[in-house]
Amino acid sequence: MDRVLRVLVVDDSAYVRKVVKEMLSRSHDLAVVGLARDGREALQLVEELKPDVVTCDLIMPELDGVGFVNEQMKRRPVPIIIMSIASETGDAALKALDAGAVDFIQKPTALATEKILQVSDELIAKVRTAAAIPMTHVRVAPPVVAASEPSRVKPERKNLIDLIVLGISTGGPQALKQVIPLLPEDFPVPVAMVMHMPVGYTEMYANTLNTKSQLNVREAREGDEIAAGTVLLAPAGRHLTFRRLDNGKVVAHLDARPFEMLHRPSVDVLFQSAAETYHDRVLGVVMTGMGSDGKQGAAWIKSKGGLIYTESEETCVVYGMPASVVEAGLSDRSLPLGQMALAMQEVV
C-alpha cells in the first residue's frame, strides 16, 4: 500500500482552511493532519506533527508566510507550497521562494467553493511532487557565483547558434537566478524562456531577475523583436512563439492557442516554434521541473539539427522535465546548474 502523505494547511481564513482540506482529501494518498491559523502556530504544529508537506498562505497575523518559511527552513527544512493571490502578494510570494518554499499555486480571487475547487487537481499534483523533493536540493536565496568549467569537451558547433530557448518549472525561480545573471552584457544571441507560473507573477519575476542581470530581462510582449541583449519570459496564460517578418527580423507572438496543451505557456510550443523559425541554429535548454513539458519540443529542435542541453539530476529540485528529455535520447549535454551559464556562452 502506498504511503499516505501528511499535509499541514496554514491559512488565517477558517473557510479557506476547510476548503483546502476538502480539496486534498479527494486524494486517497493525502491526509491533512493539522490546520494552523498563522505562521507561529504553524511552526509549533510542524514540530509536533512532522508533516511531509505544508501549504501556506502569505498574509497572516502574528507571523506571515515569508516569516514562517524563513524560520522553518532554519529549524528543519520541509517542502512548503505557497497559496496566494498574485495581485495582493506577488512580491511576497517571490520572497517566500527565495527563502526556500518549493512551489506556489494561485489561490482563486473568489472564495466560492466551486472556484477554489478548480485548482484542486493542480494542488494535489504539487503536494505529491513536493513530498518527493530532497530538501538538500532547495537552495535558500542562492548566491550568484561564477560558473565552474564544464567537465565535458566543448561542442564543435561554436558560433552556430542564433537563439537560446529555455524551459523550466518547479524550482525555476531560484535556478534562473544562478544562470541568467551570469550571462555577460555582450551575450551575442537572444534568450526566450517559458517558466510554469500562475497568472500575475511572470512580469514581477522578470522585473526582479532584470535587476540582477546584465541583459535586459522582461516579460514578452506582442511584437517584441527577438534580438541580442534581451531575455524574454513568456507571460503566464499565453504561449510564446516566433514570427519572421519580410525584412528578416523575428518578433514575438503571444497566443492562448493551442488550447489543448497541459501548460500555457508551454515549453513544447516555444521549442517547436524556435525550430521552425531558426532551424538548426537553436539551443534548447531544459531545466528543473515536474512532468515532461519540453520533451516533444526538444524532438523538434533535434529534428532540425539544433542542440539540447539538460540540467543534471544532482542540482534539479525536481528531475522530471530534464529526465524525460534524457530518457528519450534527446540531450546533447547534461550539466549541473553551476555550469549551465558557461556552457551557454561556449556554444554561441
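Among the residues of segment 39-71, those that are at pLDDT 95 or above and in a loop (DSSP other than H, G, I, E, B) comprise LYS50, PRO51, ASP52. Each residue in segment 277-323 was checked for being under 15 Å from the mean Cα position of the chain (by Cα) and assigned to a helix (DSSP H, G or I), and 2 pass. Can you tell me which residue in segment 20-48 is surrounded by the fewest Cβ atoms within 10 Å (Cβ to Cβ), limited to those that are more than 21 Å from ALA96 (Cβ to Cβ) and among the aliphatic types (A, V, I, L, M)? That would be ALA31.
For segment 324-345, the tally of residues that are farther than 17 Å from LEU176 by Cα and either in a strand (DSSP E or B) or not assigned by TED's automatic domain parsing to the domain that holds MET195 (or both) stands at 1. Could we say that LEU58 is farther than 24 Å from GLY171 by Cβ, in contact with a strand residue (DSSP E or B) (Cβ under 7 Å, 6 or more places away or on another chain) and of a type outside the set (Ser, Thr, Tyr) here? Spelling it out, it is not the case that LEU58 is farther than 24 Å from GLY171 by Cβ, in contact with a strand residue (DSSP E or B) (Cβ under 7 Å, 6 or more places away or on another chain) and of a type outside the set (Ser, Thr, Tyr). I need a count of the residues in segment 5-38 that are within 13 Å of VAL127 (Cβ to Cβ) and in a strand (DSSP E or B). Number of matching residues: 9.
Could you say whether any residue in segment 251-266 is touching a strand residue (DSSP E or B) at 6+ places or on another chain (Cβ under 9 Å), assigned to a loop (DSSP other than H, G, I, E, B), surrounded by 20 or more Cβ atoms within 10 Å (Cβ to Cβ) and of a type in the set (D, E, K, R)? Yes, some residue in segment 251-266 is touching a strand residue (DSSP E or B) at 6+ places or on another chain (Cβ under 9 Å), assigned to a loop (DSSP other than H, G, I, E, B), surrounded by 20 or more Cβ atoms within 10 Å (Cβ to Cβ) and of a type in the set (D, E, K, R). Among the residues of segment 248-262, those that are within 17 Å of LEU232 (Cβ to Cβ) and out of contact with any helix residue (DSSP H, G or I) (no Cβ under 7 Å at 6 or more places or on another chain) comprise LYS249, VAL251, ALA252, HIS253, LEU254, ASP255.
Within the set VAL282, VAL347, VAL286, the sole residue that is at pLDDT below 95 and of a type in the set (A, V, I, L, M, F, W, C) turns out to be VAL347.
This table checks each residue for (1) out of contact with any helix residue (DSSP H, G or I) (no Cβ under 7 Å at 6 or more places or on another chain); (2) crowded, with 19+ Cβ neighbours inside 10 Å.
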residue	(1), (2)
THR170	no, yes
GLY200	no, yes
ILE226	yes, yes
LEU232	yes, yes
PRO235	no, yes
ARG243	yes, no
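Answer with yes or no whether ALA274 is part of a helix (DSSP H, G or I) and not charged (D, E, K, R). Yes; evaluated as a whole, the condition is true for this residue.
The values are calculated or read from the model by the stated rules, or taken from the named source; none is laboratory data. Small disclaimer: the values here were computed from a predicted structure and weren't measured. For neighbour counting, all protein chains shown are included, and Cβ atoms are generated from backbone atoms with ideal geometry for every residue, glycine included.
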